[in-house]
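Peer 1: I have a structure here, written as structure tokens, and I will follow up with some questions on it.
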Amino acid sequence: MAELGHDATSHAPPREMPEMELPHGHSFWTTYVFSQDAKTIAIQYSVTAISVGLLAMVLSILIRLQLGFPNTFSLIDPSAYLQYVTMHGMIMVVYLLTALFLGGFGNYFIPLMIGARDMAFPYLNMLSFWFYFVSVLVLIASFFVPGGPTGAGWTLYPPQLISEGTPGIHGGVILMMVSLGIFIVGFTMGGLNYIVTILQYRTRGMTLMRLPLTIWGIFLATMLALLAFPALLVAALMVLLDHLAGTSFFMPAMFSMGEQLPHEGGSPLLFQHLFWFFGHPEVYIVALPAFGVVSDILATHARRNIFGYRMMVWALVAIGGLSFVVWAHHMYVSGMNPYFGFLFATTTLIIAVPTAIKVYNWVLTLWHGNIRLTVPMLFAIGFIFTFINGGMSGLFLGNVALDVPLADTYFVVGHFHMVMAVAPVMTIYAAIYHWYPKITGRMLHEGMGKIHFWVTFIGAYSIFYPMHYLGLMGVPRRYFAWGETAPFIGDDVVMLNAVISIAAIAVAAAQLLFIYNLIRSRKHGEEAGPNPWQATTLEWQTEHTPPTHGNFGKELPVVYRWAYDYSVPGTKYDYIPQNVPPEEVEMAEPAAGAAKT
Amino acid sequence: MTITLVFLAALLAFFLGWVLSRTVNVEPWVADGGSINDHLPEILTTPRVGLAIFLAVASSVFALSISAYHMRMDWGPDWLSVPSPALLWVNTVILVLGSLALQWSWNAARRDDPAGRRRWLYVGGALTCAFFVGQILVWRDLTAAGYYVTANPANSFFYFMTGLHALHLLGGLVAWVRTVKRDRDDTPSDVVCTSVELCTIYWHYLLVIWFILFALLLTT
Ligand code: HEM
Ligand SMILES: [Cu+2]
């Protein structure tokens, strides 16, 4: 290996990775259902996540129908409304985004991009998916128990979570908690795999600083998730005990109809601390992989190296670390020591620094780039716009004085949908359009993709931009109807609500077009070839497209460079794959005429 | 949340040191064929790294529970501490012995002494089961003495945290059963050795957690 060492004395030769034993499937069941191939597991994760995501989308349409056209749909009563809101929020955040980014993208890309044959613990990996699958089934089951699913909001705040008057306080709450518990256990199994695989199974030459940013994002997000989900687990266990065993972790003494309820001495604030200790990092569990994916897609489709790679890595680490010390900005109105409010406002605003670095670096990557406006690129640019917008309103909400009047209004709904709904979803689409050719061997239909993009982009802005205005007008969130305050609500608000709902229906329709595109292109898409975007990362250099079990041919690839050798001056092509050794790089012909001068 | 934050800060400091040491002086844009070796040191084998990550997750669970315990304790005058029955000391000793037995099993495994490995593996498992019985007795006695789960937040926390510890140990016992199975069929001895090793580390870890929980219950 000496020839690989730049300076053999100071740099230890890269460790030879032992060949993995791959648990090949032998029957239909072990090949397609209980598969231990990370790529199959990734697809199982993705299909499940997108399916529940569609359910959550339908719920959001039901919510919007009620808000846009009140008193029109008798199907939606106040309880059902709250249940839709709760399930919509929880499914989107946990069961769609977390599962898709980490379980779906993580499983597919980690082994391929770091040059490994599979995950470190394939069996655990398979279990991880099945736990997730069961958690989804349990969650869906809550629609069918008496009383229906919980309607306490995705934040699940006690005491109302388990107090009479909130929908779904019997079976619904219990199933929700059980489902979250199963999800967390399953995620832990998967997360262990992602981390260990990245640490141990990078191929020769794939140093930390040569990892594509997608991998950095998934790696750090997994770490956040592994450390943050326990908070939700502890909270869920305590809620179950309060509910079933009669303890009072979170339930204070309460009187109802002149009678004292059995609980006494619990603290609802304790729940909020635990919940947001998970809840805020959760935002970054979704955002960090998105940052990574967008960085790689921008570099590939702008044919430029990512600007400030090391800065990008450090910014990811910094954001990940800081995300653990800002949780109480969700609790400004819950009552806290003013000094704490100040502290948390400060830490919150500090996160803007590494985040801004990332945004500048993305923009600088595009600067002078040879931008190809492909569908993935459109979505990636859409992400940048949306993320900046959402980040801006976050600066308002991060300040205590501004948050107090804005809390629990539609301003908040507008804000978090921009940053953690629209922006990550844009990234998911960018990623699917980008990698679908590798996963299936065929391109997605470009025309449909463009329609999908523009309807989604413009539609999302028509939905969520006006919500900020509604919030400033004081329209509260989680309200089925305005009741006696209706006379104070202006006509503009009523009209805007109708417009938003129509836009939401249009956006939903565009997603169906996307699903159609996914299914249709599987058989009828244009042949993609191994590397349609002329990208540098290892997954595009596999022998087969789609890659077979084991990913690479007989030999694992050796990595000689980072993932961003685009448009290197003096070379013939505008990209050099990571596994091309320096001496095999083809140089450009000297320009005609250069010899004469 | 102070305890959790201290725990996280320690992890983060460790991680930052590692990342920075491998990234500061690196010029990622230079293609040089070779590369520095930034894999983890050899002694961190893949199963060990896996276990370490899992222990970080478990620590997060315990740190958060302890934080919650403290927060709740500081908030109300209604907190009435649970007495610590003498039996808890006995259980602690049993747990220590269990850990030692597994350690011996591991030592034997490394010496390639399958008989010793198996003997101490069984002893370790038996002691762990004894610990379980002891804990159940403690819970029963406390309940009989009127310290119901629901009687006071301190009680709820006592049962919650000891229960959480017991659950983790129960998970350990599942791994132990699998190890015993491997020990009895013809699994290659290095694989069995790894299993024994992982069990041992996990037991030591849970012992430390038990010390922390027990100290917490004794002092508050
Ligand atoms: C089709 C696009 C979407 C529409 C039209 C939509 C609409 C809505 C509406 C109307 C609410 C209720 C707000 C309230 O009254 O408080 C809501 C809540 C919420 N949405 Fe969405 N949403 C969409 C996509 C998403 C996505 C992709 C996410 C993923 C993060 C998401 C996360 C949430 C969350 C966390 C809540 C809060 C639930 C709660 O208050 O408990 N939404 N959404
Ligand atoms: Cu937050």
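Peer 1: Calculate, for B:Asn107 and B:Leu218, the FRET efficiency according to 1/(1 + (r/R0)^6) with r their C-beta to C-beta distance and R0 56 Å; round to the nearest 0.05.
Peer 2: E(calc), rounded to 0.05, equals 0.95.
Peer 1: Name the long-range amide H neighbours of A:Thr409: under 5 Å, sequence gap of 5 or more, or other chain; modelled H, no Pro or chain starts.
Peer 2: Here the answer is A:Arg477, since their amide H atoms fall under 5 Å of that of A:Thr409.
Peer 1: If you take all C-alpha pairs in region B:83-220, what percent of them are over 21 Å apart?
Peer 2: Roughly 43 percent, rounded to a whole number.
Peer 1: Next question. To the nearest 10 degrees, how steeply does helix A:423-440 sit against the main Cα axis of chain A, on a 0 to 90 scale?
Peer 2: That helix lies at roughly 40 degrees to the long axis.
Peer 1: Let me ask something else about it. Please compute the per residue accessible area over region A:444-558 with all protein chains in place, 1.4 Å probe, rounded to a whole number of Å².
Peer 2: With all protein chains present, region A:444-558 gives 52 Å² per residue.
Peer 1: Could you work out what % of the accessible surface of region A:227-270 is carbon and sulfur, using a 1.4 angstrom probe and leaving DNA, RNA and ligands out of the count?
Peer 2: 65
Peer 1: Taking amide H positions as placed 1.01 Å from N in the peptide plane, with prolines and chain starts having none, which residues 5 or more places from A:Tyr575, or on another chain, fall under 5 Å of its amide H?
Peer 2: Close amide H contacts, sequence-distant or interchain: A:Ser567.
Peer 1: Place a point 7 Å from the Cα of A:Ser256 along the Cα-to-Cβ direction; which residues of region A:156-193 have their backbone N under 19 Å from it?
Peer 2: A:156-177
Peer 1: Suppose accessible area is computed on protein heavy atoms with a 1.4 Å probe; arrange B:Cys193, B:Cys129 from highest to lowest.
Peer 2: The most accessible residue leads, giving B:Cys129, B:Cys193.
Peer 1: Now for a different question. Cα-Cα over 24 Å: which of A:Lys438/A:Lys523; A:Lys39/A:Lys572; A:Lys39/A:Lys523; A:Lys39/A:Lys554?
Peer 2: Violating the 24 Å limit, Cα to Cα: A:Lys39/A:Lys572.
Peer 1: Still on this structure: Could you list log10 I(q)/I(0) for the protein assembly as shown at q = 0.07 Å⁻¹, which the Debye formula gives when each Cα is one point scatterer?
Peer 2: -0.56
Peer 1: Additional query: Helix A:171-200 sits at what angle to the longest principal axis of chain A, using alpha carbons and giving 0 to 90 degrees rounded to 10?
Peer 2: In chain A, helix A:171-200 runs at an angle near 20 degrees to the longest axis.
Peer 1: Could I ask something else about it? Can you list the residues of region B:39-55 whose accessible area drops by at least 20 Å² going from the chain on its own to the full set of protein chains, with a 1.4 Å probe?
Peer 2: Residues passing the criterion (a loss of at least 20 Å², heavy atoms only) are B:His39, B:Leu40, B:Glu42, B:Thr46, B:Val49, B:Gly50, B:Ile53, B:Phe54.
Peer 1: Might you work out the accessible area of A:Ile576 for me, using a 1.4 Å probe with all protein chains in place, and round it to the nearest 10 Å²?
Peer 2: Accessible area of A:Ile576: about 10 Å².
Peer 1: Enumerate the amide H contacts of A:Arg442 below 5 Å, restricted to partners 5 or more residues apart or on another chain; note that Pro and chain-start residues carry no placed amide H.
Peer 2: A:Ala528
Peer 1: Sticking with this structure for a sec: For region B:1-79, what is the accessible area per residue in Å², given a 1.4 Å probe and the full set of protein chains?
Peer 2: 45
Peer 1: Arrange the residues B:Met1, A:Met587 by how much accessible surface each exposes, largest first, with a 1.4 angstrom probe.
Peer 2: A:Met587, B:Met1
Peer 1: On a 0 to 90 degree scale, rounded to 10, what angle separates helix A:38-68 from the longest Cα axis of chain A?
Peer 2: Approximately 40 degrees, to the nearest ten.
Peer 1: Still on this model: Could you tell me what % of all Cα pairs in region B:1-79 have separations over 16 Å?
Peer 2: Counting every Cα pair in region B:1-79, those more than 16 Å apart make up 68 percent.
Peer 1: Where the accessible area of region B:1-79 is counted over protein heavy atoms with a 1.4 Å probe, how much of it, in %, is carbon and sulfur?
Peer 2: That fraction is 71 percent.
Peer 1: In whole percent, how big is the carbon plus sulfur part of the accessible area of region A:455-597, probe 1.4 Å, protein atoms only?
Peer 2: 62
Peer 1: Let me ask you something else. Which ³J(HN,Hα) values in Hz, rounded to whole numbers, follow from the phi angles of region A:366-373 under the Karplus curve 6.51 cos²θ - 1.76 cosθ + 1.60, where θ = phi - 60° and Gly and Pro get x?
Peer 2: 6, 4, 6, x, 9, 5, 9, 7
Peer 1: Roughly how many Å² of A:His452 are accessible to a 1.4 Å probe, to the nearest 10?
Peer 2: Surface accessible to solvent at A:His452 totals approximately 0 Å².
Peer 1: A further question on this structure: Let me confirm one metric for peptide A:319-328, namely the mean number of other chain beta-carbon atoms within 10 Å of its residues' beta-carbons.
Peer 2: What the average comes to for A:319-328 is 2.
Peer 1: Which order do B:Val96, A:Val559 take when ranked by solvent-accessible area (1.4 Å probe, heavy atoms of all protein chains), largest first?
Peer 2: Most to least solvent-accessible, the answer reads B:Val96, A:Val559.
Peer 1: Rounded to the nearest 100 Å², what is the buried accessible area between B and A, both sides summed, probe 1.4 Å?
Peer 2: About 5100 Å² of accessible surface is lost on pairing.
Peer 1: Taking θ as phi - 60°, what are the ³J(HN,Hα) couplings along region A:156-164 by the Karplus curve (6.51, -1.76, 1.60), each to the nearest whole Hz, with x for Gly and Pro?
Peer 2: Coupling constants for region A:156-164: 6, 5, x, x, 5, 3, 10, 9, 3 Hz.
The values are calculated or read from the model by the stated rules, or taken from the named source; none is laboratory data. From a predicted model like this one, the values you see are computed outputs, not experimental measurements. Reconstructed Cβ throughout: ideal geometry from the backbone, glycine too, with neighbour counts over all protein chains shown. Ligands, DNA and RNA are excluded from the accessible area calculation, which covers all protein heavy atoms including side chains. Shrake-Rupley method; radii C 1.70, N 1.55, O 1.52, S 1.80 Å.
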